[in-house]
Protein chains: 2
Amino acid sequence: MRTPSERAELALLLEVAGAPKPGNVDRDRDLADLRFEQFLAGAVGARNGLERAADAAEPLGDAFETAVVGMAEAAGTNTQFGCLLLLTPLVRTAATGDLTRERAAEVAESTTVADAAGFYRAFEHTEVAVGEPPDDATRLDVRRGANAVPVLRERGLTLYDVMDLGADGDANAREWTTGFPRVFDAAERIEAADGPLTDRAADAFLRLLAEAPDTLVVTEHGEAVAEDVRQRAEGLVDAEESAVRAFADDLVERGVNPGTTADLTAAALYVALESGVSVAGVTTDGEGSGGGDGP
Amino acid sequence: MRTPSERAELALLLEVAGAPKPGNVDRDRDLADLRFEQFLAGAVGARNGLERAADAAEPLGDAFETAVVGMAEAAGTNTQFGCLLLLTPLVRTAATGDLTRERAAEVAESTTVADAAGFYRAFEHTEVAVGEPPDDATRLDVRRGANAVPVLRERGLTLYDVMDLGADGDANAREWTTGFPRVFDAAERIEAADGPLTDRAADAFLRLLAEAPDTLVVTEHGEAVAEDVRQRAEGLVDAEESAVRAFADDLVERGVNPGTTADLTAAALYVALESGVSVAGVTTDGEGSGGGDGP
């Protein structure tokens, strides 16, 4: 694993392979309209955009748009939009120096209006679940896609500014504007753990879910549901895997998909891979623990 | 999915995700010393070499060696050596024209002594299970790695010639020297099937296993075991998945790993992807069937 874009692609793959990840597609579960193999294809398709993100000469917004287009074409749906929104600035940070919280914050803060335009254009390539914009921001509704670009220019809004507008309702945007604290904290937990990375991914997911209400769940089901999911996740940290699997079944039955927590997990895996964590360095004692239940 | 190297990488991922694939790592099973996540990393790491394979200006043997080095570094072990041996000429064929049996045979036949040297060097980067060479070919034992290169030069042996020497004992080598007939036939079955590609991968694997004794099993356990495995696979084509899973458990318990059949499956998936099969084009009726058993 030699380059940031390779590690970012692997982070996408390890994220979806981590199981159980309640409410999400994982190694053990396809959803009715979203299959594991689509995430594999989405990760492969995103790589070119991730390579552009690693090139300091490329506008970050263009790199993100390229990654989203590649993902959407390959997967035929939106598999990893939120993951890529977090990975793009982190890959740029790693490719241009040390991947620290401070430098990642600087990369986010140094984005431009052109980067914001790339972000808006990305929404034209795939369906993304988003909340209603505030009343005073309907002209900046991301669902307007490229139509919002003149407004961005008029107001001089950078990609950082756009994230700042969304930070209240979207945990990914909040990471962007606060130096990616939850991502780096989760990465430290992944680094400190042992065993297969897919198991660490599942554990990181559950702890992130316990930490704060998933903002995609807030958007789709409201704050009460999201807080209930958070509390139940909190009660399951360090619980038996069977209890986590029962929780997973319940979320899937109710159509509750904590997708933003999966995004944070992928980004945390990426930071951990950059810090030297590797599937090659894992030792296990006997039969692997990942995914297998067999007959 | 825009390029041959992207499709080849996806084929590697779909192959390992296909389940059940008796005796092999799959979406539902890690082996004691070989985990699913290592195959994910191996596929990512191989991509640069696959990109070189798509570039007609690059010697095919160098491209193969690059793919193996990238795979071995990323996975920390040999996950996909045999897959890459089949994918490399097929990617070259697709990248330079139509991916037909005839053109693939021509690509194999047009390899050089330098390509053979790259193949031998590749053995220095990872452990590969191989049989004993014939008595008159010990100087060409692949385990000699680069030490065998002067012998290749002396005798003017191309990569095709080297494959021809191995064609009796290795199904991958046999594909190389006969126009990849089993790969293309299996690809046609994958194209004609429907449902998730990971399910089609598992079906393709079982049919290939039923078709001829797995040559890795012959090398490791002898012809009688390989023929027994073949016959049992033959009896399970179109059987209930639970019966296939019981067979899988038995093979794993006995340490029987039909790895060459997995190589053929990956190559067949690649050919199918080149022909237009796509995870984006799959429709399923309700809850996905891939991998999930849940609690």
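The values are calculated or read from the model by the stated rules, or taken from the named source; none is laboratory data. Here the structure is a predicted model, which means the values were calculated and not measured. Note: ideal-geometry Cβ built from the backbone for every residue, glycine included; neighbour counts use all protein chains shown. Ligands, DNA and RNA are excluded from the accessible area calculation, which covers all protein heavy atoms including side chains. Shrake-Rupley method; radii C 1.70, N 1.55, O 1.52, S 1.80 Å.
Go through the residues of the range B:274-291 one by one and say whether even a single one is in a loop (DSSP other than H, G, I, E, B), closer than 27 Å to B:Gly42 by Cα, away from every other protein chain (no Cβ under 12 Å) and at pLDDT 95 or above. Within the range B:274-291, one or more residues are in a loop (DSSP other than H, G, I, E, B), closer than 27 Å to B:Gly42 by Cα, away from every other protein chain (no Cβ under 12 Å) and at pLDDT 95 or above. Would you confirm whether or not the range B:147-158 contains a residue that is assigned to a loop (DSSP other than H, G, I, E, B), closer than 14 Å to B:Phe64 by Cβ and at pLDDT 95 or above? Within the range B:147-158 (the criterion being assigned to a loop (DSSP other than H, G, I, E, B), closer than 14 Å to B:Phe64 by Cβ and at pLDDT 95 or above), the answer is yes, since at least one residue qualifies. Of the residues B:Leu206, B:Leu236, which is under 30 Å from B:Ala54 (Cα atoms) and modelled with pLDDT of 95 or more? Residue meeting the stated conditions: B:Leu206.
Among the listed residues A:Val91, A:Val113, A:Val149, A:Val68, which satisfies the condition of being touching a Phe, Trp or Tyr at 6+ places or on another chain (Cβ under 8 Å) and more than 22 Å from A:Ser5 (Cβ to Cβ)?
Details: A:Val91 fails: more than 22 Å from A:Ser5 (Cβ to Cβ); A:Val113 fails: touching a Phe, Trp or Tyr at 6+ places or on another chain (Cβ under 8 Å); A:Val68 fails: more than 22 Å from A:Ser5 (Cβ to Cβ).
Of A:Val91, A:Val113, A:Val149, A:Val68, the one residue that is touching a Phe, Trp or Tyr at 6+ places or on another chain (Cβ under 8 Å) and more than 22 Å from A:Ser5 (Cβ to Cβ) is A:Val149.
The test for being under 24 Å from A:Thr178 (Cβ atoms), of a type in the set (Val, Ile, Thr) and without any contact (Cβ under 8 Å) to a residue 12 or more places away in the chain does not hold for A:Thr96.
Selection of the range B:144-169 for residues being more than 20 Å from the chain's Cα centre (by Cα), closer than 20 Å to B:Glu127 by Cα and open to solvent by 30 Å² or more (accessible area, probe 1.4 Å) yields B:Arg144, B:Ala146, B:Asn147. If you filter the range B:1-25 down to residues that are surrounded by fewer than 24 Cβ atoms within 10 Å (Cβ to Cβ) and assigned to a loop (DSSP other than H, G, I, E, B), you find that the one that is modelled with the highest pLDDT is B:Thr3. Of all the residues in the range A:183-193, those that are open to solvent by less than 20 Å² (accessible area, probe 1.4 Å) and in contact with an Asp or Glu (Cβ under 7 Å, 6 or more places away or on another chain) number 1. Could we say that A:Glu240 is within 14 Å of chain B (Cβ to nearest Cβ) and either closer than 17 Å to A:Ala186 by Cβ or without any contact (Cβ under 8 Å) to a residue 12 or more places away in the chain (or both) here? Considered against the rule, which asks whether it is within 14 Å of chain B (Cβ to nearest Cβ) and either closer than 17 Å to A:Ala186 by Cβ or without any contact (Cβ under 8 Å) to a residue 12 or more places away in the chain (or both), A:Glu240 comes out as yes.
For the range A:151-189, which residues satisfy the criterion of being on the phi > 0 side of the Ramachandran plot and small (Gly, Ala, Ser)? Correct list: A:Gly156, A:Gly179.
Within the range A:4-25, the set of residues being more than 7 Å from chain B (Cβ to nearest Cβ) and under 24 Å from A:Gly118 (Cα atoms) comprises A:Pro4, A:Ser5, A:Arg7, A:Ala8, A:Ala11, A:Leu12. Taking the conditions exactly as written (β-branched (Val, Ile, Thr) and part of a helix (DSSP H, G or I)), does A:Thr138 satisfy them or not? Here the answer is yes, as A:Thr138 does meet what is asked. Quick check, is B:Val271 outside any helix (DSSP H, G or I) and buried (at least 16 other Cβ atoms within 10 Å of the Cβ)? No.
Residues are listed down the side, and each one gets a yes or a no for (1) within 12 Å of chain B (Cβ to nearest Cβ); (2) in contact with a strand residue (DSSP E or B) (Cβ under 9 Å, 6 or more places away or on another chain); (3) surrounded by fewer than 22 Cβ atoms within 10 Å (Cβ to Cβ):
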site: A:Pro181; (1), (2), (3): no, no, yes
site: A:Gly195; (1), (2), (3): yes, no, yes
site: A:Leu208; (1), (2), (3): no, no, no
site: A:Leu216; (1), (2), (3): no, no, no
site: A:Arg232; (1), (2), (3): no, no, yes
site: A:Arg245; (1), (2), (3): yes, no, yes
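Run down B:Asn24, B:Asn48 and say which single residue is within 20 Å of B:Ala187 (Cβ to Cβ) and either free of Cβ contacts under 8 Å to residues at least 40 places away in the same chain or within 14 Å of the chain's Cα centre (by Cα) (or both). Spell out the reasoning first.
Values: B:Asn48 fails: within 20 Å of B:Ala187 (Cβ to Cβ).
The conditions single out B:Asn24.
Scan the range A:233-247 for residues that are part of a helix (DSSP H, G or I) and under 21 Å from A:Ala171 (Cα atoms) and the total you get is 2. Within the range A:111-168, being of a type in the set (Ser, Thr, Tyr) and under 26 Å from A:Gly255 (Cβ atoms) holds for one residue alone: A:Thr126.
Could you grab me the full set of residues in the range A:109-134 that are under 19 Å from A:Val91 (Cα atoms), open to solvent by less than 30 Å² (accessible area, probe 1.4 Å) and over 16 Å from the mean Cα position of the chain (by Cα)?
Let us first name the residues in the range A:109-134 that are under 19 Å from A:Val91 (Cα atoms), namely A:109-112, A:114-116, A:118-119, A:122.
After this cut, where a residue has to be open to solvent by less than 30 Å² (accessible area, probe 1.4 Å) as well, the list is A:111, A:115-116, A:118-119, A:122.
Once the filter is applied, which keeps residues that are under 19 Å from A:Val91 (Cα atoms), open to solvent by less than 30 Å² (accessible area, probe 1.4 Å) and over 16 Å from the mean Cα position of the chain (by Cα), the range A:109-134 yields A:Thr111, A:Asp115, A:Ala116, A:Gly118.
All of (1) free of Cβ contacts under 8 Å to residues at least 60 places away in the same chain; (2) touching a Gly at 6+ places or on another chain (Cβ under 8 Å) hold for B:Ala201 with one exception: (1).
For A:Arg254, indicate whether it is under 30 Å from A:Ala117 (Cβ atoms), basic (Lys, Arg) and over 21 Å from the mean Cα position of the chain (by Cα). It would help to see each step written out before you state the result.
On the way: under 30 Å from A:Ala117 (Cβ atoms): no; basic (Lys, Arg): yes; over 21 Å from the mean Cα position of the chain (by Cα): yes.
It is false that A:Arg254 is under 30 Å from A:Ala117 (Cβ atoms), basic (Lys, Arg) and over 21 Å from the mean Cα position of the chain (by Cα).
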